[in-house]
Structure formats: C-alpha cells, structure tokens
C-alpha cells in the first residue's frame, strides 16, 4: 500500500488521530524509530486490518457499499477482506446501522434554582485544600503552593457567598482554574446549584473537563458531576447520517472527495460516544464544512421526541447530562446564544465563571453580529440543488442529470412506486420541485450580481479597499443603486423558493408516507430550508438597510473560497446587553483572566463590559499577581537599529527577516514570532528563509506550513523549530521548557485603524467627549501585548528572551504604557552585535 492508502484506511480505523501520516501511525502503535520502514508498514497494515475486522458489521457493510465503484482497488480489497462474513445491511440496507448507537435513559434534570437562602461555603476550605499539606498537594506530588492562588480561591468563595461580581487578574502560573473550580464545586454540591464555567477556546474547555475536574474529584475524594456542552451544530445527527447514506448517490459527489470523508465518518461513528465533531480528525477541519453541515444537528430540522432515534440522540444526551450536572463547562458563544433564545443547552443557573474573560467583548460582538455572504446563501441553495453539468435534461428526465441535492432526491421519490399520493398530488409536487430548480438557477445569477456589485464598492479607482463602511453617503451612490436593484430581484426569488418549499412540505404531510423511505425527513428538510430562507431575507434587510443606530455596517473582502466579499452589521457596544443578561440576572459572575488591567486598573475592562453600571459594593476586584520571578527568568530587548514598522519608505519585513535569521542562529531555533498581519508574516518568512539558507532550522509558518493545530504540535516536538503566527497565536498556546526560549513581537498590536468596529467605537467615544486613543485603542493594544508576552514564561523553570522589534516601544510617548505593563525591565540596543550578544547572555548559551 502507498502512504496515501494507509492514510485513507487510517481515517476510518483510527478516526480520532490528529493526522494520518506514517510517523503519526508509528507513534500511535508504539513502533520505534529504529524499526525499518518495511517492517513498520507491515505492522501498521496488520493493526489496521485488525481494527477493520472489529468494526460493527453494519459499518463494514456500508463501507463496502460506498467502495463498490471506488477507483482504488487496494482500499476496496482491504475492506472487502475485513468483511469475511455477511452482516446486516450487506445489500446496502442501513436499517441495522442505527443499532450501533446505544440507547440511553437520559439523566434527570436537577430542580430549577429557587430564591431560598443559600448555604454559605466555607471560605477557608479552599485555602486548606491548596495549602502545602492540603489535598491537592498530597495528590499532585510536585505541587507548588502559591499565595496568589489561595487569595483568588478565597475571593471566589466570597463572591459566591455574597452574590458579587468579581474581576480577577491572575497571572500565568497562579493556577487560576483550580482557584475558581474548587469554590465552584463547593458551591454546587453544598447548595445543589449548577455552576457554569465558560471559556473562549476549545483547548481550555478540554483542559478543564479532561484534566482539572477529574483531578479535583480524585484529590478531594468528593462526588460531583460534570458535563461539557457545546452548541448543537457541534453534534452528529443520527437521522441525517442514515438519510445521507441511503441517498448518497443523489446527495453527494463521491468522486469529488466526499467519498473519503464519508468513509471516515463511518469509522468515527462506530467509535464515538459523544457525537462531538471535535473528536473527528476530518470533520473538525474547514475543508469538510459542507459535509459537517449536512450531518450536524439543527433546530429547524429536529423532530424532537418524534424522531425515531431520540433515545440515541447525541445532542439530547449531552444536554440531559448538562441539566443534571453540578459543573457545566461551556464556551462564551453558547452562553451568549442563550441570552435572547433559550435553546435549553444550559440548565437554569444563577452562578457563572467566565475564564479567558479578556475575550468577552470580542466574543459577544461576534455573537450579536449579522453576516451577509454568498457562502451562507450557497450553503442553503446547495442543500437543495448542486449542478454537475451545464444544461438541463428534457421531458420526463428533467432534473435527472447529474445534479445532486434534496430536490433531485425528491424527484426520485416522486417517481417511486412507494409514493402513496394521488396522480394530482404527484404532479403538484413535481411542479413545486421544477419551479424551485428554475428559481434556484435564477437566484444564482442575481446573487452573483449582488455580491459582484459589492466588490465594485471596494474597487476604488485610487486604491482598492479591504473594507468600506455603509454610510448614508455610500447608500446614495450609483453603485449602491445597483446593489438595491439586485437585492429586489433576490428578495422576490428567495420568497418564491420559500413559498414553494412550504407548499411542498404541506403537500407531503397530506400524503401517506408509510411506504416511502425518509418521507418525514423530506418534510423536516423543506420546512427547515424555508425557515433558513426567511432568516436570510431578514439578514439582507437588516444589513443593507443599515438602519440601527447602535450598530455599524460595512462591506469587506474575503478569500475566494469564502465568496470574495461579505457584508456585516455589528453592535458598537455590548456592555448594556451583558449587564442586562448577567449582572442583573445572575447571583454570582466571576470574570478571570491573566490580562484584565491596564496600569494596574480594571476601569477599562469594566467600562467595555458594562460593569461600571454595577453598584460598587457588589463589584469586587482582585489582582492575584504571578508567582514567577520575571527579572531572573527573562529579559525584554528592543533592537533600535530596525526601521519603524510604519515607515513606508523602509522594507521593514525584509530587514526583520534578515535580523531573525541571525537571532535564530544564535538561539538554535527555539523561537516564536508574533505578527499582527498575515501579509507581514508571509513577507518576513520569505526573508527569514533566505537568510537562513541551508541552516537546518525548521520554519513553521501559519497558513503556509499547515493548520494552527498541526504546526503547534510540530513546534512542541521539534526543539530547534521556529513558529511564525498571527492573531490566534497571541494567546492560548502553552509551550513549556526550552522549545520556546525566544519570543519575538514583530509589531505593537494596535487594531487595524480602518477596522469598521474600531472606527465606530472610537467615533462613539469622541462624540461623548472622550479621547478614543487613550481610553480605547491604547488599552486594548496593551492587553493584547501582555497576552503575547505571556507566551514565553509558563513555568518557574522557564527562561528566555522577549524581543520587541517595534522601536516605537521606546520612541513614542505611548510606548511607556506598554513598558509599564511588563513585569521586567526593557533594554534598548542600537548596535546589532551587542544586541545578538545580549540574547546569548540572556539565554546563557555556551
């Protein structure tokens, strides 16, 4: 077998591996590096075959059915050999497939929190548990007592007991997760109240649920229940999977890569207990977004208790567990989703802890924003119809060319002998389907025109724009008149498709569907698509009308894969919504992060999140500090000989790349470079690679060397690598030890000054008589800067150097705000040789 064959088979047999390269398979199976490749290949082949033989019979049957027309004889023969005995569904019948998903008696939800007096938790208990002789120390062995952690845990106890809002800045190394989890567990168990823990990133969610909470359960010898809950689109819908497998020939383009993805889904479905797409190495990737959307649970299509798979439903199981648990780990997006619409994902609760709280404004803004894009529309229309060749078939074969989607599937069922409707009903249904096919093709033309004209808005004669605010002046332009014209046509077509979809689902309800496979599925799908079309119409009206004063509206470019252009409507502020939904409604709200203060004050954070409206006696603050000795563990160096990053006459990226080549020769790699733009990252990477020449220092660049997860994993494994990252690497990346010894910040992280949301917020502050730079732009950048700085020192034994290559840190008046935010002194150096020598001295490299 080729490496490609091994990878395809591995995606089925080992579906949760991060990747399926030969080295990964060797590691997974414990095959040492000294084993010859040929012997390793045989061992891997045997392991894959053994796993394939143990797949449930219905899964093997479906795999063989999908592979019947496969171009790969090797893969087809492999799985055929694994199916030595006939299994249920051998003839393509997937009826036995549902049985592989276990039925569940869902946990009973706990009673709704009442307003009775709460039992206070012992504020001294966490201090004892976290003390040098406490349960945590005895359980962990090499546990380090931290005064800041104890202070934080005590403050969280007081917040629960006093129904306070608490802001906590806990620097890296404090152990803030245990500092809030211990009081949360005590609060939940003592009062039989659920406590919600909300994070911004999947990594922290996983750490809390898979590591920290199990550790507490063992260390404290205390019984408490936990649940990890996500939005419903993160869970596999069994009904939709079975439908897709049955209708695969009219629903998917198997020769366009969907076959391999679906094979993986079958292997993963046999292994998963949760149905969480994050487990899947394929479905968790952006390239599988369309298939994932086809398989994900959705509110519009869910038949609820009438679903034949209700007892097996992954979403229902996850939600039932959350409603019965003491501690529920969620994310900011899900928590915000329940503000206006109760999705029942979370149980009724009165206490919440927000970790990674510095991201709350951005997360809330994202949640309350409305996006209008060709990609969103295409997701709806491609569900109905995907043409595979130009032109249409004629006569009775109309719609039966190589098209895919729900409408071709419906036509096939209308032609089936199992259809129990009258001749008139059959004809009416065909009329609706044919009309929808024609309307979708017309909509494709009108929508393309709308978004093409949006591009014209950005293609200014002097200089093409990345984005443009939708202002009254813009809406009076000639180009905007063309947008309105295309919009009117689109509106009519969308309404007509929605009406036809409603009419078709109504007609199908009148027909006896007992003998027609997936009759109820078609009704659910057409009903759901009608809802989505109406939602899209509302989005068009909201964004293009640009009429809500507390929102900002704009058009921006995107990648071709994302449709090339999209329009947005976003709230200018979110503090009022947060105050109404949380501070006024919940008893306890804890907001924790390593970076909440600017110049030692929480005022900026409080003003942005509406906490300045909370009574002072109810809003408490704590800065728990950090246990690290930054003066001894790191230095901050600024090379003053580089040009200003904003100097248009200087080629900053080229000079930066040349300098980094010299830096990383001295440090022997072991570095991370943080950028504020992908354009600068790419240009600097090219210059760095040229400067390094043949030196064996791997460069892992975001967007060039693989996904964020892959390059992070490679970086942690390779002691001499250099990682080049943009926004997502400024936080949430923990690399302990020598692997990261040199952190470079390529530019002070001010938000792009043309970003429409930033501009609108600055205008709002200025209109109120404030200084937008001093009170908004600068504090935001300082918090971001501190997040980036925090990537370097993650443990008491870590040692390293931070290089800020933006000389404005020393030359501009606002540079003092950044310098004062650092826990160690900043050294500026004007001589390149002295600068490189200082790096070696900091790292104590012999």
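At least 1 residues being over 24 Å from residue 780 (Cα atoms), assigned by TED's automatic domain parsing to the domain that holds residue 490 and in contact with a helix residue (DSSP H, G or I) (Cβ under 7 Å, 6 or more places away or on another chain) is the threshold, and among the strands (runs of 3 or more DSSP E) wholly inside the range 500-615 those reaching it are 551-557, 565-571. Restricted to the range 125-138, and to residues there that are surrounded by fewer than 13 Cβ atoms within 10 Å (Cβ to Cβ) and touching a residue at least 12 places away in the same chain (Cβ under 8 Å), the residue that is nearest to residue 149 (Cα to Cα) is 132. Total residues in the range 706-726 satisfying the condition of being modelled with pLDDT of 85 or more and exposed (fewer than 15 other Cβ atoms within 10 Å of the Cβ): the figure is 2.
Pick from the range 753-796 the residues that are in a loop (DSSP other than H, G, I, E, B) and in contact with a strand residue (DSSP E or B) (Cβ under 9 Å, 6 or more places away or on another chain): which of them is surrounded by the fewest Cβ atoms within 10 Å (Cβ to Cβ)? This residue is 754.
Per the listing 69, 49, the residue uniquely in the same structural domain as residue 263 (by TED's automatic domain parsing), in contact (Cβ under 8 Å) with a residue 24 or more places away in the chain and exposed (fewer than 15 other Cβ atoms within 10 Å of the Cβ) is 69. Among the residues examined, residue 410 qualifies as outside the structural domain of residue 678 (by TED's automatic domain parsing), surrounded by 14 or more Cβ atoms within 10 Å (Cβ to Cβ), at pLDDT below 95 and assigned to a helix (DSSP H, G or I).
The set of residues in the range 583-625 being farther than 19 Å from residue 773 by Cα, crowded, with 20+ Cβ neighbours inside 10 Å and under 29 Å from the mean Cα position of the chain (by Cα) consists of 588, 589, 590, 591, 592, 593, 594, 595, 610, 611. Residues that are modelled with pLDDT of 95 or more, under 29 Å from residue 294 (Cβ atoms) and outside any helix (DSSP H, G or I) within the range 201-229 comprise 227, 228, 229, listed in sequence order.
Condition check ((1) more than 22 Å from residue 776 (Cα to Cα); (2) at pLDDT below 95; (3) not assigned by TED's automatic domain parsing to the domain that holds residue 292) across all residues:
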{"position": "352", "(1), (2), (3)": "yes, no, yes"}
{"position": "361", "(1), (2), (3)": "no, no, yes"}
{"position": "364", "(1), (2), (3)": "no, no, yes"}
{"position": "380", "(1), (2), (3)": "yes, yes, yes"}
{"position": "384", "(1), (2), (3)": "yes, yes, yes"}
{"position": "389", "(1), (2), (3)": "yes, yes, yes"}
{"position": "392", "(1), (2), (3)": "yes, yes, yes"}
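Would you check which residues across the range 765-802 are under 30 Å from the mean Cα position of the chain (by Cα) and either farther than 18 Å from residue 602 by Cα or not assigned by TED's automatic domain parsing to the domain that holds residue 653 (or both) and list them? Passing the criteria: 788, 789, 790, 791, 792, 793, 794, 795, 798, 802. In this entry, residue 122 passes the filter for residues that are part of a loop (DSSP other than H, G, I, E, B) and farther than 20 Å from residue 627 by Cβ.
The values are calculated or read from the model by the stated rules, or taken from the named source; none is laboratory data. Bear in mind that the values here come from a model prediction, so they are computed numbers and not experimental data. Note that each Cβ is placed from the backbone with ideal geometry, even for glycine, and that neighbours are counted across all protein chains shown.
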